[in-house]
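**Q** Pasting a structure here, questions to come.
The values are calculated or read from the model by the stated rules, or taken from the named source; none is laboratory data. It should be emphasised that the depicted structure is a prediction, and the values quoted were computed from it without experimental measurement. Please note: Cβ atoms are built from the backbone with ideal geometry, for glycine as well, and neighbour counts cover all protein chains shown. Note: areas computed on protein heavy atoms with side chains; ligands, DNA, RNA excluded. Shrake-Rupley method; radii C 1.70, N 1.55, O 1.52, S 1.80 Å.
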Amino acid sequence: MQNSTSTLKEFGPAGYNVRETVARTPSLDRHGLPYGWKPDIFCLRIDADEYSPESFNPYYSVFEQYWEAITIFFNINSFKDAKDQILRCRDLGVDIQSHAFYHHTYNDYASNRYNISKAKTFFQEIGIKTTGFAAPLGRWNASFMKALEDEGYKYSSDFSYDYMGFPSFPFEHGKFSTIMQIPIFPVAPEPFFQDRCSNPEAVEKYYKNAIDEMIGCNLPVIIYAHTNPTTPEVMPLLLKIVDYAVNCQGLRPISMTDFSEMWGGVMAAGNEGGQKAEPSGTPGEEFLGKAVVQGIPERVKGFLKNKLDFERVTPAEDLKCSISKRVLKTLARKVLQGN
């Protein structure tokens with residue numbers, strides 16, 4: 001069973017560290033390698049959280065050139081009036097999957113089910129069948145997993161469940177889930193530039209080193225990024241990252257959906273062969289992350305926010321949690337308005 005608790009960790013080269021909430025312990029050191037696995041694939045996961053023509057259109061340079069390697073997880077609340085962009089990406093051959101309707105992963109089943117279903121219906125109405133999911137904020141919990149199962153999804157990729165490891169099926173309440181979890185390298189490049197990084201070459205080198213590290217540890221190489229309107233530096237960086245992975249290191253471009261199907265075959269072959277090899281190594285701390293020690297005020301604030309499942313993205317009429325939590329969440333929104 002994967003430890004589902006998560007913690008805040010710091011990643012990156014010296015002087016340019018960024019923070020991300022990830023699984024407390026990645027599964028890399030607890031899994032043998034499935035029999036017959038070769039570390040020869042590369043995926044680029046794109047989380048399309050926000051939409052504006054100015055921020056999204058430049059990414060077509062990446063989509064058109066490397067469509068085989070890309071899966072875009074669209075957040076529908078942001079793209080509901082830009083469905084032509086989703087269809088354009090599909091027509092390029094890009095793998096299209098879901099990043100929920102509202103950009104939040106909830107603590108309760110009803111809210112998660114509604115959020116997942118609302119996005120799924122939108123995709124169906126424009127002729128796209130989604131089988132993969134990426135939870136907003138990378139969050140994972142058992143109620144979210146159950147909602148994905150009941151909506152007929154096949155895989156998800158949530159780094160608060162696992163990262164820098166091999167795909168697996170969560171084990172909860174005495175049984176394995178039908179949802180394959182696909183770990184990724186959990187560091188998106190945008191935070192480096194949001195902090196006004198003055199050395200983009202250092203960030204490029206960091207990602208190339210991360211790719212080398214994953215190859216050396218026999219890990220699937222899956223990098224992710226956002227189409228963020230405030231970080232125009234990311235798009236040219238992605239071109240360099242993908243070029244390095246595919247053309248310099250010779251990794252095979254593959255979408256996350258195709259990888260999920262391929263891995264199912266790898267796991268089946270491993271079970272039949274009855275053999276597993278040991279991982280060849282463990283990535284260094286700058287790639288696995290270093291736990292951040294938070295002060296008491298930060299921990300209390302985080303505890304209360306999680307307890308209330310506080311967020312502002314869901315309209316009041318679409319809140320599906322219990323009445324008591326709905327009242328508390330609405331009150332908290334009013335109290336914290338503008339903060």
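**Q** Which one, 70, 96, 55, is farthest towards the positive end of the dipole of region 41-97 when Lys and Arg carry +1 and Asp and Glu -1 on their Cβ?
**A** Going by the charge dipole, the pick is 96.
**Q** Which helices, counted as full DSSP H runs in the chain, have an axial Cα extent of no less than 15 Å and a Kyte-Doolittle average of -1.0 or above? Can you show the working numbers first?
**A** Values: long enough: 109-125 (24 Å, -1.03); 200-216 (24 Å, -0.66); 256-273 (25 Å, -0.09); 296-308 (18 Å, -0.47); 323-335 (18 Å, 0.01).
Flagged H segments are 200-216, 256-273, 296-308, 323-335.
**Q** At a 1.4 Å probe radius, carbon and sulfur cover how many percent of the accessible area of region 74-120?
**A** Working: 740 of 1660 Å².
Using a 1.4 Å probe with all protein chains present, region 74-120 comes out at 45 percent carbon and sulfur.
**Q** Same structure again: Using the per-residue mean of other Cβ atoms lying within 10 Å as a proxy for protection, in what order, highest first, do the peptides 180-192, 139-151 fall?
**A** 180-192, 139-151
**Q** Which log10 I(q)/I(0) values, to two decimals, does the chain give at q = 0.07, 0.09, 0.11, 0.16 Å⁻¹ under the Debye formula with one point per Cα?
**A** Debye output, listed in q order: -0.28, -0.47, -0.72, -1.62.
**Q** Taking +1 at the Cβ of each Lys and Arg and -1 at the Cβ of each Asp and Glu, which of 181, 226, 114 sits farthest along the dipole of region 102-247 towards its positive end, judged by Cα position relative to the Cα centre?
**A** Final value for the positive-end residue is 114.
**Q** Whole number please: convex hull volume per residue, Cα atoms of region 166-205, in Å³. Walk me through the numbers on the way to the answer.
**A** Working: hull volume 3.5 nm³, N = 40.
For region 166-205, the hull spanned by Cα atoms encloses 89 Å³ per residue.
**Q** My understanding is that a pair violates if its Cα-Cα distance is over 28 Å; which of 175/307; 38/120; 118/325; 301/334 do that in this structure?
**A** In this structure, 38/120 exceed 28 Å between Cα atoms.
**Q** Write down the accessible area per residue of the chain in Å², having rolled a 1.4 Å probe over the full set of protein chains.
**A** Accessible area per residue: 45 Å².
**Q** Moving on. What's the ranking of 123-136, 105-118 by average number of surrounding C-beta atoms within 10 Å, highest first?
**A** 105-118, 123-136
**Q** Please report, as a whole percent, how much of the solvent-accessible surface of region 282-339 comes from carbon and sulfur atoms (probe radius 1.4 Å).
**A** With neighbouring chains kept in place, the figure for region 282-339 is 62 percent.
**Q** Still on this structure: Would you please give the FRET efficiency between residue 317 and residue 131, computed as 1/(1 + (r/R0)^6) with r the Cβ-Cβ distance and R0 = 35 Å, to the nearest 0.05?
**A** E(calc), rounded to 0.05, equals 0.75.
**Q** With a 10 Å radius around each residue's Cβ, average the other Cβ atoms per peptide and rank 290-298, 221-229, highest first.
**A** Packing proxy ranking, top to bottom: 221-229, 290-298.
**Q** Could I have the simple spin-label model distance between residue 60 and residue 194, label points 7 Å from Cα toward Cβ, reported in nm to one decimal?
**A** 2.7 nm
**Q** Going by Cα centres, region 158-231 and region 69-109 are how many Å apart?
**A** Between the Cα centres of region 158-231 and region 69-109 lies a distance of 19 Å.
**Q** Further question: Which percentage, to the nearest 5, of the DSSP beta bridges contained in region 97-205 is antiparallel? Kindly include the intermediate steps, with their values, before the conclusion.
**A** Values: 3 of 8 bridges.
Beta bridges within region 97-205, antiparallel portion: roughly 40 percent.
**Q** Top to bottom by accessible area (1.4 Å), largest first, where do 67, 37 land?
**A** Largest accessible area first, the list is 67, 37.
**Q** Considering just Cα atoms, how many Å³ per residue does the convex hull of region 114-203 enclose?
**A** Numbers: hull volume 11.7 nm³, N = 90.
Hull volume normalised by residue count: 130 Å³.
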